[in-house]
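See below for the structure under consideration.
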There are 2 protein chains.
Amino acid sequence: MAETQAPTVEPAAEAKPDVEAPAAPTKVMKSVVLTGFGGLKMLKVQQKPEVTAAGGELLVRVRACGMNFPDLMVRQGVIDTPPKTPVIMGFECSGIVEAVGENTTGFKVGDRVIGFTNYNAWAELVNINANHVFKMPDNMSFQDGAALPMNYVTAYILLFDMANLRKGQSLLVHSVGGGVGNAITQLCKTVEDVTVFGTASSNKHEAIKANVSHIFDHNVDYAQEVRKVAAEGVDIVLDCMCGDDTNKGIMLLKPMGKYLLYGSSNIVTGETKSFFSFAKSWWQVDKVNPIKLFDENKVIGGFQLRRLLFNQGQHGYVREVIEKLFKMYSAGKINPTIDSVWAFEDVSDAMQKMQDRKNVGKVLLDPTAEPKPKDVEAEKAAVSTDAESGDKQEKKEEKPVQDGK
Amino acid sequence: MAETQAPTVEPAAEAKPDVEAPAAPTKVMKSVVLTGFGGLKMLKVQQKPEVTAAGGELLVRVRACGMNFPDLMVRQGVIDTPPKTPVIMGFECSGIVEAVGENTTGFKVGDRVIGFTNYNAWAELVNINANHVFKMPDNMSFQDGAALPMNYVTAYILLFDMANLRKGQSLLVHSVGGGVGNAITQLCKTVEDVTVFGTASSNKHEAIKANVSHIFDHNVDYAQEVRKVAAEGVDIVLDCMCGDDTNKGIMLLKPMGKYLLYGSSNIVTGETKSFFSFAKSWWQVDKVNPIKLFDENKVIGGFQLRRLLFNQGQHGYVREVIEKLFKMYSAGKINPTIDSVWAFEDVSDAMQKMQDRKNVGKVLLDPTAEPKPKDVEAEKAAVSTDAESGDKQEKKEEKPVQDGK
């Protein structure tokens, strides 16, 4: 943590001390802005003009925002179609509908919702296409709501549409201690007699062992370790690493096995973009002849939720999945593990924790949370960060916007 | 049909006129033998010493045998691991248990069964590993039984394990008028609102149009024809052709689409092995980068039932599938279309019909059937062949073994 830098909080020209104040032409909202691609210092907390809901949109007052590995890749610029900077970051949030745009049906002011956004979620307010917004079950907290969209929809589609997980099967999951990994292991519990092999950093093994049958450090020869337990391999490999892990994963498949690539976190090796790791990850992946899959009875595929929603327009399909997940949540079958909740001002610490693979479960940002004391009490802050891990208490009170310090 | 040659029926040294006669050391059985790789003349009906059931096996008196496209590929020698010739052909049959080998449990003499064999099914008797034998439902005819194993298990696994067909989806199926195609279209009817695009020879369109939403001749630019109806492509492509059809199939997938290769019939272009078509089919298939699948939200895979059973030992999984199919059959949800039933002596005509893609549904052999009159009444025979198409009458009477003519 010591090497991380707190983002500069830049006071806006006419920042208001209270966002609940009556409307004014210059009303602003606090947001986490990526000012350019690179290290953590590219993240700034800034006051931006408040957004409004256009036709077909909802304006949502954000209560919690999810952080995902793709956020780290965006920051470094190591994604296919990087956004133009400056840009407000964030792909998911929970909150309360504050305004309903023209021709937007099915929602009303005050609805508690979760939503997918193509950036812009890490702010006090966000306007979202109503196709990407879903009313939360009454018993769902905002933190659980923000933890659900990216991770659980990805996990559900991987397991139940693409891999078609069945009773008695086995799977290998990388980063099994992270947000998607946590969602995967919980969803696996809804199917009888599933064996989960997972890779995770050694420091996480204790925390996740209850949900993972066999845990290995990713740095060991995990393929060999899996073979020691399951000589014939596994039924399903869910890979968020890419690179050489792709080849290893396909090799590890049993007959009728399914390999699914849903991330490329091997690309992120340091704080800033590494052309070496980027290129290596691509070059290392062997192309596959479909005839080889025919000869071996194997399936390979890939899944990227943001592309599905924002490039391929499959919100109807995602809505069906969300509805199934809400039912599972209400029935107590799934329950997101929250690693930690951070103020916008502490976004660098939060992101560093994820990059260091120290989180167990979901990392959230809370626009209403107070930043941790910095500099003068650096040591104390580090301690309190650890104490925050796993804290699932909802922060109920509204807080005034911080104008920086 | 005119160019086909009737196989030579070679009288065995000590052929018996009645296979039901008391045991004798030199008892023989009629069988269809591949004497070497090549054209139809490599098929001979021969008397072979009767087989017996070893430990773990069942001896089955065959009542009907299924013919499949892989039989044509075996005859030409265009498969990965060709058998040693001479070999009795055939991968599936129905019949009655005649003897139970040592340590074989779960079956008794007289059981009506179907079974998968690794060759040897096209005979009056066959010994089969009990793991690959399944008791037929009481209401299933031997002809329906022989039509079911290869085609319906393949179709079921493709649709419901690998492609995970859901309500409202669309699929493209090649050779939709053949045995697997027939099984696929019937299984699709068990799911609500499925759109089937099929390719088939023009002569079959009328016969199959009831079960196929849109039929195209395989020789037209079917990809363009599909796009005219479904601009965004299809959810599932089931491809038994391989070669350039593989590339076209993957291109035709919608987001979340699944392409599955389950045959390579493009390799068979004439009566004998064509190195040109063999090589072309392999070279034409583009290798696929898993990262491309990740970028496009696609899945590709392959399935080969014989390899699954005989090389990969997955009979437990196949048994689960067979049990589901039997339930569907008993509930009237599936009902194999039988194209035609042939005597062993007419195997060349039967195979030529399949190679010419003239069959609609399953082509069967019946060891008890009388051969059609040949030569002297060639024209009449051709007419009666057409009349046999679609005949589903079970031939009940046992017939004496033909000693040739």
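The values are calculated or read from the model by the stated rules, or taken from the named source; none is laboratory data. From a predicted model like this one, the values you see are computed outputs, not experimental measurements. Reconstructed Cβ throughout: ideal geometry from the backbone, glycine too, with neighbour counts over all protein chains shown. These area figures cover heavy atoms from the full protein model, side chains too; ligands, DNA and RNA do not enter into them. Shrake-Rupley method; radii C 1.70, N 1.55, O 1.52, S 1.80 Å.
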Exercise. Where the accessible area of the range B:73-125 is counted over protein heavy atoms with a 1.4 Å probe, how much of it, in %, is carbon and sulfur?
Worked result: 51
Problem set entry | Average partner coverage of B:255-262, which counts Cβ from other chains inside 10 Å | 5
For this session: Could you list the trypsin sites (Lys or Arg not before Pro) in the range A:23-108 that lie in coil according to DSSP, counting only those with at most 12 other Cβ atoms within 10 Å of their Cβ?
Result: A:Lys84, A:Lys108
Exercise. Considering protein heavy atoms only and a 1.4 Å probe radius, which residues within the range B:145-170 exhibit an accessible-area decrease of no less than 40 Å² in the full assembly relative to the chain by itself?
Worked result: B:Asp161, B:Met162, B:Asn164, B:Arg166
Seminar exercise, completed: Given unit charges at Cβ for Lys, Arg (+) and Asp, Glu (-), the dipole magnitude of the range A:162-317 about its Cα centre in debye, nearest 20, is 340
For this session: Could you provide, to the nearest whole Å², the per residue accessible area of the range B:151-303 with probe 1.4 Å?
Result: 35
Seminar exercise, completed: Checked against a 29 Å limit on the C-alpha separation, the offending pairs among B:Lys204/B:Lys333; A:Lys108/A:Lys327; A:Lys204/A:Lys287; A:Lys292/B:Lys209; A:Lys228/B:Lys108; A:Lys254/A:Lys358 are A:Lys204/A:Lys287; A:Lys292/B:Lys209; A:Lys228/B:Lys108; A:Lys254/A:Lys358
Exercise. Across the residues of B:224-236, average count of Cβ atoms on other protein chains within 10 Å?
Worked result: 0
For this session: Could you tell me whether the range B:143-210 comes out rounded, prolate or oblate from its Cα gyration tensor? Rule is a ≥ b ≥ c as square roots of the eigenvalues, rounded for a/c under 1.5, then prolate if a/b exceeds b/c, otherwise oblate.
Result: oblate
Exercise. Solvent-accessible area per residue for the range B:329-370 at a 1.4 Å probe radius, Å²?
Worked result: 24
Exercise. Leaving out ligands, DNA and RNA, what percent of the accessible area of the range A:151-303 is carbon and sulfur, probe 1.4 Å?
Worked result: 52
Exercise. When the solvent-accessible surface of protein heavy atoms is calculated with a 1.4 angstrom probe, in what order do A:His315, A:His132 fall, highest first?
Worked result: A:His315, A:His132
Exercise. Let a ≥ b ≥ c be the square roots of the eigenvalues of the Cα gyration tensor of the range A:78-171; is it rounded (a/c under 1.5), or, if not, prolate (a/b larger than b/c) or oblate?
Worked result: oblate
Exercise. GluC sites (Glu not before Pro) within the range B:68-112: which are DSSP loop residues with at most 16 other Cβ atoms inside 10 Å?
Worked result: B:Glu102
For this session: Decide, for the range B:136-277, between rounded, prolate and oblate: order the square roots of the alpha carbon gyration tensor eigenvalues as a ≥ b ≥ c, take rounded if a/c falls under 1.5, and otherwise choose prolate if a/b is larger than b/c, else oblate.
Result: oblate
For this session: Compare each residue of the range A:302-324 in its chain alone against the assembly with all protein chains, and report those whose accessible area goes down by 40 Å² or more; 1.4 Å probe, heavy atoms.
Result: A:Gly302, A:Gln304, A:Gln312
Exercise. Between the range B:30-64 and the range B:148-180, what's the alpha-carbon centroid distance in Å?
Worked result: 30
Exercise. Total Å² of accessible surface buried at the A-B contact, 1.4 Å probe, nearest 100?
Worked result: 3800
For this session: Pull up all non-local amide H partners of A:Thr199: gap of 5 or more, or a different chain, and H-to-H distance under 5 Å with H placed in the peptide plane.
Result: A:Val173, A:His174, A:Ser175, A:Val176, A:Phe216
For this session: May I ask you to evaluate 6.51 cos²θ - 1.76 cosθ + 1.60, the Karplus curve with θ = phi - 60°, for each residue of the range B:197-210 and list the ³J(HN,Hα) values in order in whole Hz, giving x for glycine and proline?
Result: 9, x, 9, 6, 4, 3, 5, 8, 3, 4, 5, 10, 5, 5
